[in-house]
Structure formats: structure tokens, C-alpha cells
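Accompanying notes for the structure given below.
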Amino acid sequence: MNQIVEKVLFSEKVAKFVVDAPRIAKSRKPGHFVILRVDEKGERIPLTIAGADPVKGTIVLVVQKMGVSSAKLFELEVGDYILDLVGPLGKATHIHQAGTVLACGGGVGVAPMLPIVEGFKKAGNRVISIIAARNKDLIILEDEIRKWSDETIVMTDDGSYGTKGLVTAGAEMIIQREKVNECIAIGPAVMMKFTSLLTKKYEIPTQASLNAIMVDGTGMCGACRVSVGGNTYFTCIDGPEFDAHQIDFDELIMRLGGYSNEEKLAYERYV
Amino acid sequence: KERTAKERVRMPEMDPQERIKYQDREVNIGLSADQAQKEASRCLDCPNPTCIEGCPVSINIPKFVKYIEAGKFLDAAKTLKETSALPAVCGRVCPQEKQCEASCFYTQKMKKDPVAIGHLERFAADYERESGFMSIPEVAPANGIKIAAIGSGPASLSFAGDMIKLGYDVTVFEALHEIGGVLKYGIPEFRLPNKIVDVELDNLQKMGVKFVRNFIVGKTASFDDLKEEGFEAFFVASGAGLPRFMNIPGENYNGILSSNEYLTRVNLMNAAKDEFDTPVIKGKTVAVIGGGNTAMDSVRTAKRLGAERAIIVYRRSRAEMPARVEEVHHAEEEGIEFINLANPIEYFADEKGKVNRMRVQRMGLGEPDASGRRRPIVLEGSEYDIPVDLVVVAVGVSPNPLIPSEVKELKVSKWGTIEVTEETMQSSIPEMFAGGDIVRGGATVILAMGDGRKAAANMDEYLQKKHKAN
Ligand SMILES: Cc1cc2nc3c(=O)[nH]c(=O)nc-3n(C[C@H](O)[C@H](O)[C@H](O)COP(=O)(O)OP(=O)(O)OC[C@H]3O[C@@H](n4cnc5c(N)ncnc54)[C@H](O)[C@@H]3O)c2cc1C
Ligand SMILES: Cc1cc2nc3c(=O)[nH]c(=O)nc-3n(C[C@H](O)[C@H](O)[C@H](O)COP(=O)(O)OP(=O)(O)OC[C@H]3O[C@@H](n4cnc5c(N)ncnc54)[C@H](O)[C@@H]3O)c2cc1C
Ligand code: SF4
Ligand code: SF4
Ligand code: FES
Ligand SMILES: [Mg+2]
């Protein structure tokens, strides 16, 4: 049982939770995630660790309301408990001195991107961040990203904030302006697919953090399998980050819809 | 003579048409006291009881069977517990026809049905549990030495039971939110009800074993962290949890999953029940690939979740199936179809990527291979298609790679199993012992338990020596 010690609403659909989890706060690294189960009837869902305070023994999760499980989590308030929480899971991001790093975050993907941006900055890189969302309300963690970036560009699909356009437009602008040594893409699968296509054109090594469907998160079920370079990997233990240019994004997108009928029914039952 | 004339008592079971409506009702109902005594009276109390040699943990079979015959059921249960930590479990899931019952005098010398050792074992253990006189073993005074078991499957449970009795301070760490390993997430309720495992867990807890869930050793904390916290030795029993796939075209389509995923969704996450949030696909035509216990459990689960056709596709023949004979028999009664001597080679899907067809190839049987089973050979040009809407791949598991990949100095075989000295279960790192499926690859509950006990005895010796030296 892990207690929620702080909750901040970013918008109607996105909230930040600070959760008591001393062990994980101590052992986690950028790129790691947890799996949690809100209550006895709940499913196990993965969420990236968006930050941690090892002294206070807390971790930060940022969740977007999607269906039953995220909505149930969303309902919890400060003082409530999450029934089960396990982690840190996955392989940590390979943070190194690359030169200029372009970090592209879409929607709630900006949350997991934050510790990576911080890590690359602290490792002595020049970091340019693009944070993108459908509209102004969905732009999150702008101040925190700015704090660890040499330059931050905000993009919205509808132009309600920052520059109007998709994340790829911002990325291409930067790439044409200056030499980028490495790129990171975290967000919806479609956004990562197009970011990857763009950086492939410019031959910039790119890491994408995949959000495959998971159950256990320990390599036991294979629900999270993805094709990378023609081989099958398990996202939870081999990832979640992979060489974006090798990922079969279409398969990932197809697999993300694998339970959509069942999920819809579950959500209808819930509301 | 009189004894040998008796027929083996049949295990009463739920009617097949009725039982396939329930995921959570046990198929075998259990022997009554009369039936158990009658069956026990078949045992010849052989001067050289070969049955014992067939049991991996050498249960004193004639002794416990005689107690049942005499109506001393609690004494029978006590006899079982001298060597087995989980008799109620083993009585249900041991492959008896390959072990104790295969070595029974009846099988060996008389070509008759063996004494139903498994059914009797289950009877005695159930009787004790239901009697309310379940004895909680005595525990030696605490010796203050902290040790850890990693994983909470049968290997760890039997290890923990022995070590707590010796006075150690025992903590079991489990990655999942439930204790029990495969007994909980894998083997379905209709074969092994959770409540039977829970009673055992309860007893271990009463004896002082500490269970920590949601804790992955090597991730949540490293071995070094745990050593700093005072743990002096470890028993690694992290199982063979990594599912294998066949790497054939189309295998990543939706609706194709590992048996671990399928069974975990249904058993651990209760996905078949509406009030639980985890989804599961309920197929109308379900194909399960494989011929082991995992395949039988999956295909019978599919039937219970409403499949009209639930099919086993197995590349060898019925005789080579590694599953328990009783399970294959139950599956047949339940209307499971068997397509033997066939192997999938490709899957096809609709425009959304959901599987709708599989292509199989017919197989013949060649010469016996290393396992002694006849090797399947491809019959060229024999391909044909089967329409399916759910496929469960149950072609085996590999050792869980988590601990070997976190502990670089640990010696591991080319198959990824942890290497141990056979007599002691000690790994290349002296304070680290290992057993169960992480050492053997996918094996059995009773072998895992045997390893746990062996590791306990040897870890005790190791720690006592170490403490005396200091
Ligand atoms: C490594 C990883 C890190 C993630 N980090 C975050 C994060 O920091 N913040 C955040 O808001 N979301 C994150 N996600 C996604 C999050 O897990 C899903 O949004 C959530 O599981 C949806 O569950 P639901 O019941 O609310 O919605 P549903 O209606 O059940 O599902 C909505 C969609 O979410 C995906 N999904 C469903 N079940 C799962 C599952 N068990 N595992 C993964 N995806 C699933 C599917 O694409 C599905 O169509 C992450 C996913 C992964 C794999
Ligand atoms: C569906 C199915 C049916 C079966 N049927 C039978 C049968 O009828 N008869 C029979 O004899 N055998 C059967 N088996 C095989 C039998 O269940 C296994 O051989 C046995 O469970 C192995 O026991 P174990 O203790 O080694 O590990 P497991 O039971 O596999 O347990 C290992 C546990 O360790 C946990 N773990 C892994 N890594 C870590 C870590 N780093 N930190 C913390 N925890 C960790 C896992 O989550 C898991 O719970 C079956 C197996 C399956 C899958
Ligand atoms: S433990 Fe298994 S092999 Fe041994 S006697 Fe019991 S059923 Fe037979
Ligand atoms: S071999 Fe068979 S008949 Fe003989 S003692 Fe064992 S169970 Fe009884
Ligand atoms: S989530 Fe089960 S193997 Fe990755
Ligand atoms: Mg869901």
C-alpha cells in the first residue's frame, strides 16, 4: 500500500501524483516505470516515474485519464492509498554525452521525458525540448522542462498556445537550423512514428519510449511484445526505450488496440 | 490375493457438461472416507516399496496409506508432512502416472491399475485441513539470522517452511501482488483451488515467515542493499516465467497470446468476471498450441469462457504429450478437440490486425530424440487453414532472466538456468542458493519443493559453520 501525499490537477484529464514509495524513490533512474493496481478489482497498469525525491521517499506519477484504470487512479485524493505498486521496472535511459539532444514530448509523454531531459542536461549536453499537445490545456510541466533545457518550444495542434503545428514541424525547424546529435521521442505512438520518420531522414539516432500493453511488467506474459529490427522484444524488460528507426510502429499501434472492445465495455460499466 | 482382486476406486468428478460452465469449480470432487479406506486397502505394503523410489521427495507411501486404511487420517497427513510441504497441492498436480504410481507394484509387476497414491495423498491432506486439527509445526527458538527467499512459488514455500522451523528469520520477496507463483497465476481453480494454497500460506505466516509482495529483488532493491539490511543468505526461486513463442509470421497479431498471459489474466486478475477491470478476449474458436499442462489448462479455460471450439494443436501424437494423463482425459470429456501431429506455420488477420486464420502443417513421427520421444517431422505440402479467433501459445518457458542479468557474477548455463552444485543447491556465489524452475527450466511442483528442502538443509549447514567460525 502506497499513500498519495500530493495531487496536482494539470487539467481535467491530466494529474500529477506524489506517492510514498521510499524503496523505488531510492533505486529508480530516468526511463524507469512502475506498475500499479488501484484496488482489489483493478488491472495492473504501467506509469513512468516522472521524478523522485529519495530523501522524502516519494515518486512522481503523471497520469492521463483514458479508461477505467486511469480514471480510478484519478479519483484518489491526498491521503488515499494505491493498493499495489511495484518497480522500478524496465531499463534505464542510456544517458551520456551526445552533444546536442533534441527531446520531443507529446501530451502526457512530457512527464516521462522530464527526468530524461534533466539527466541529459546534467550530463553536459545542450538540450532543446519541444513539448506538444492538442491544445493549451494539455501542455504540462512547461516550467520544469524549461528549467533543464537550453531552449524550449511549445507547439499546439490548434494554435491555442505556443506555435501552431505538430511536434514534427518544430523538430524539423531545429534540425535545419543546427546540428542535432541525438533525439528522444516520447508520446502517443503516432507522434513517435512521425518523429522517427523525420529523424531517420536526417540520420539522427533516436530513442523512443514505447507504451505497449502490459500485465506483469516482469517478462512473464509477453503482452508487451514489439518488433524492433525484425526481432520480437518484450517492452517491459528489454525496453521501454528502443532505437526508433528499427521499431515497427504500425504493429505497435495495431497492438495498442488489441483490447479496445473490452476496454470500452469496462469503461461503460464503470461510469 | 484378496487385495489384488479389488478394482481401483474411481475419483468422483463433476459432470463434464456441468463443470465447463464454471472456471472456479474443481473437477475432482475428492474421495470420501469410505472410498479412501477402500482404495488404501489395495496397497500390499510391499517389503520393498518401489513406489517410494518413484517419488522425488521419497514420501513413505505405504506408511501413510496404511494409516488411511486404519482410519487414522490425521496420522496419514502427519506422515506426508514429514517429507512434503504441500501434500494437498502435490496430491492434485503431481504427474503420478510418471512418478510414484508408475513405480507401484501393481503397475510394474501385475500390469494393473496402481494404488491411487495421489488421490489418497489429497484425501489425507484435505481431511486434515477440513478437520480443523491442522497441526502447525513447532518452531525452534529464533536464532536471529536473517535470510531471504526470492519468488513465492513452491520451491520458496517449502524452503521457507523448513528454515522457519530451524529458527531463522525468513522473508519471502515476491514480484507480483499475490503469493504462490505458478500455483496462483498459472494453474486454474478447476484443478487447484486458491484456498488450498492460501491455507498453507496462512500456516507459514503463523509460523513467522514474512511475505513481501510487489518487491522485485534486483530492481526494487539490489542484493547489496539487502545484505546491508542484514540478510545473510538467499534462496533464488524465481521460476521459469519467460514465455517462448515460435517466431512464425503473424505471431504478433492481436488475439495471439502466450499461455502465461492468458492464464494470468484469468487466474490472477480475474478477467473473466465482469466486476474486474482486466480484459480478456473470449474466443469462439480457440486454438491452443502445445501438449503440456499449460496447454491443457489454457484450452480448458477457453472452453469454460464460452468457446464453441477449443482445440489443442500439438506437433507430436497423444502418446508423447507431456501433460498429466488425467488432464488430457478430463479435456477429452469436456469436448476439447485434439489436432495432433500438426504445427502452426503462419497466422492471418483481419484489416484491424485481429487473428482470424491459422495455417498448420501436418507432421509425421521420426526416430526418438534426446528426450526419448519420437521426433516430429514435417510432411511437405500438407498445409491447410483453420479459422480461429484466439490463439494461445503454450510451447514452453525459459528461465526468468531478471536475477541472472542483475547479478553478473552468478554462473548461468547456456539455457539461462542458474548453475548449482546438485547436492547442495549452492550457486557460484556462496551465500546464494537456488532451486525450482530457475535451476531446472520448466519442471514440476514436487521437484521445486524438493529443491527448496535441499537448499534449506544445506544453507543451514553453511550458515551454522559460518557463525561458528566467527
Ligand atoms: C512503459 C509505459 C509507461 C507509461 N507511462 C504513462 C504515464 O506516465 N502516464 C500516463 O498517463 N500513461 C502512461 N502509460 C500508458 C498507461 O499505462 C495507459 O494509458 C493505461 O494503462 C490505460 O488504462 P485505462 O484502463 O485507463 O484505459 P483503457 O481504456 O483500458 O486503455 C486505453 C488505452 O491505453 C492502452 N492500455 C490499456 N491497458 C494497458 C495496459 N495494461 N498497459 C499499457 N497500456 C494499456 C491501450 O492502448 C488502450 O487502448 C504508460 C504505458 C507504458 C507501457
Ligand atoms: C499453467 C501451468 C500448469 C502447470 N501444471 C503443473 C502440474 O500439473 N504439475 C506440476 O507438477 N507442475 C505443473 N507446472 C509446473 C510448476 O508449476 C512449476 O514447475 C513450479 O511452479 C516451479 O516452482 P518455482 O518455485 O520454481 O517457481 P514459480 O512457481 O514459477 O514461482 C516463481 C515466482 O518468483 C517470482 N519472481 C521472479 N523473479 C523475481 C524477483 N526478482 N523478485 C521477486 N520475485 C520474483 C515470480 O513472480 C513467481 O511468482 C505447471 C506450470 C504452469 C505454468
Ligand atoms: S508427492 Fe507426488 S510423486 Fe510423491 S507420492 Fe505424492 S503424488 Fe506421488
Ligand atoms: S508399490 Fe504400490 S502396493 Fe506396494 S507399497 Fe507402494 S503403493 Fe503399496
Ligand atoms: S508485461 Fe508481461 S512480459 Fe512485459
Ligand atoms: Mg484498462
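The values are calculated or read from the model by the stated rules, or taken from the named source; none is laboratory data. Bear in mind that the values here come from a model prediction, so they are computed numbers and not experimental data. Cβ atoms come from the backbone with ideal geometry, glycine included; neighbour counts cover every protein chain shown. Surface areas here come from the heavy atoms of the whole protein model, side chains and all, with no ligands, DNA or RNA. Shrake-Rupley method; radii C 1.70, N 1.55, O 1.52, S 1.80 Å.
Of all residues in the stretch A:239-269 being open to solvent by 70 Å² or more (accessible area, probe 1.4 Å) and at pLDDT below 95, which is nearest to the chain's Cα centre (by Cα)?
A:GLU263
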(message) Just the residues that are within 11 Å of chain B (Cβ to nearest Cβ) and open to solvent by 30 Å² or more (accessible area, probe 1.4 Å), please, taken from the stretch A:73-119.
(response) A:LEU83, A:LYS91, A:ALA92
(request) Look through A:CYS221, A:CYS236 and report the one residue that is buried (at least 20 other Cβ atoms within 10 Å of the Cβ), near ligand 1 (Cβ under 8 Å from one of its atoms) and more than 13 Å from the chain's Cα centre (by Cα). (result) A:CYS236
(message) Pairs needed: first member in the stretch A:246-271, closer than 22 Å to B:VAL391 by Cα and outside the structural domain of A:ALA189 (by the TED database); second member anywhere, open to solvent by 50 Å² or more (accessible area, probe 1.4 Å) and within 16 Å of ligand 2 (Cβ to nearest atom); C-beta distance under 9 Å; at least 6 residues apart or different chains.
(response) none
(request) Give the number of residues within the stretch A:212-233 that are of a type outside the set (Ser, Thr, Tyr) and more than 16 Å from ligand 6 (Cβ to nearest atom). (result) 9
(request) Kindly state which strands (runs of 3 or more DSSP E) lie completely within the stretch A:119-234 and contain at least 1 residues that are within 30 Å of B:ILE216 (Cα to Cα). (result) A:182-186, A:206-209, A:225-228, A:231-234
(message) Looking at B:VAL27 and the list (1) within 16 Å of ligand 3 (Cβ to nearest atom); (2) open to solvent by less than 20 Å² (accessible area, probe 1.4 Å); (3) modelled with pLDDT of 95 or more, which single condition is not satisfied?
(response) (1)
(request) Would you mind telling me which numbered condition in (1) farther than 22 Å from B:LYS109 by Cα; (2) surrounded by fewer than 18 Cβ atoms within 10 Å (Cβ to Cβ) B:ASN60 fails? (result) (1)
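Among the residues of the stretch A:60-72, how many are within 30 Å of A:THR199 (Cβ to Cβ) and within 14 Å of another protein chain (Cβ to nearest Cβ)?
The initial filter retains those residues of the stretch A:60-72 that are within 30 Å of A:THR199 (Cβ to Cβ), namely A:60-64, A:66, A:70.
Next, only the ones that are within 14 Å of another protein chain (Cβ to nearest Cβ) stay: A:66, A:70.
Number of matching residues: 2.
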(request) Sort through A:ILE175, A:ILE153, A:ILE186, A:ILE204 and tell me the only one that's β-branched (Val, Ile, Thr), more than 14 Å from every other protein chain (Cβ to nearest Cβ), in contact (Cβ under 8 Å) with a residue 40 or more places away in the chain and touching a helix residue (DSSP H, G or I) at 6+ places or on another chain (Cβ under 6 Å). (result) A:ILE186
(message) With the requirement that a residue be within 28 Å of B:ASP277 (Cα to Cα), in contact (Cβ under 8 Å) with a residue 24 or more places away in the chain and hydrophobic (A, V, I, L, M, F, W, C), what does the stretch A:207-229 give you?
(response) A:LEU210, A:ALA212, A:ILE213, A:MET214, A:VAL215, A:VAL226
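Can you find even one residue in the stretch A:70-89 that is of a type in the set (S, T, N, Q), free of Cβ contacts under 8 Å to residues at least 40 places away in the same chain, under 23 Å from A:LEU141 (Cα atoms) and within 16 Å of ligand 6 (Cβ to nearest atom)?
Let us first name the residues in the stretch A:70-89 that are of a type in the set (S, T, N, Q), namely A:70.
Imposing the further condition that a residue be free of Cβ contacts under 8 Å to residues at least 40 places away in the same chain reduces the set to A:70.
Subset that is under 23 Å from A:LEU141 (Cα atoms): A:70.
Adding the requirement that they be within 16 Å of ligand 6 (Cβ to nearest atom) leaves A:70.
Yes.
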(message) Quick check on the stretch B:149-164. Is at least one of its residues more than 16 Å from ligand 2 (Cβ to nearest atom), touching a Ser or Thr at 6+ places or on another chain (Cβ under 9 Å) and under 28 Å from B:ASN400 (Cα atoms)?
(response) no
(request) Name every residue in the stretch B:256-302 that is among the aliphatic types (A, V, I, L, M), more than 14 Å from chain A (Cβ to nearest Cβ) and not in a helix (DSSP H, G or I), in order of residue number. (result) B:VAL286, B:ALA287, B:VAL288
(request) Tell me the helices (runs of 4 or more DSSP H) entirely within the stretch B:161-254 that contain at least 2 residues that are open to solvent by 40 Å² or more (accessible area, probe 1.4 Å). (result) B:194-207, B:223-228
(request) From (1) among the aliphatic types (A, V, I, L, M); (2) within 13 Å of another protein chain (Cβ to nearest Cβ); (3) surrounded by fewer than 19 Cβ atoms within 10 Å (Cβ to Cβ), pick out the condition that doesn't hold for A:LEU197. (result) (2)
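Pick out the one residue from A:LEU36, A:LEU47 that is open to solvent by 20 Å² or more (accessible area, probe 1.4 Å) and either within 16 Å of ligand 5 (Cβ to nearest atom) or assigned by the TED database to the domain that holds A:ILE140 (or both). Let's see the steps before the verdict.
Values: A:LEU36 fails: open to solvent by 20 Å² or more (accessible area, probe 1.4 Å).
Of the residues listed, the single one that is open to solvent by 20 Å² or more (accessible area, probe 1.4 Å) and either within 16 Å of ligand 5 (Cβ to nearest atom) or assigned by the TED database to the domain that holds A:ILE140 (or both) is A:LEU47.
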(request) Please enumerate the residues belonging to the stretch B:208-241 that are of a type in the set (A, V, I, L, M) and touching a Lys or Arg at 6+ places or on another chain (Cβ under 7 Å). (result) B:ALA221
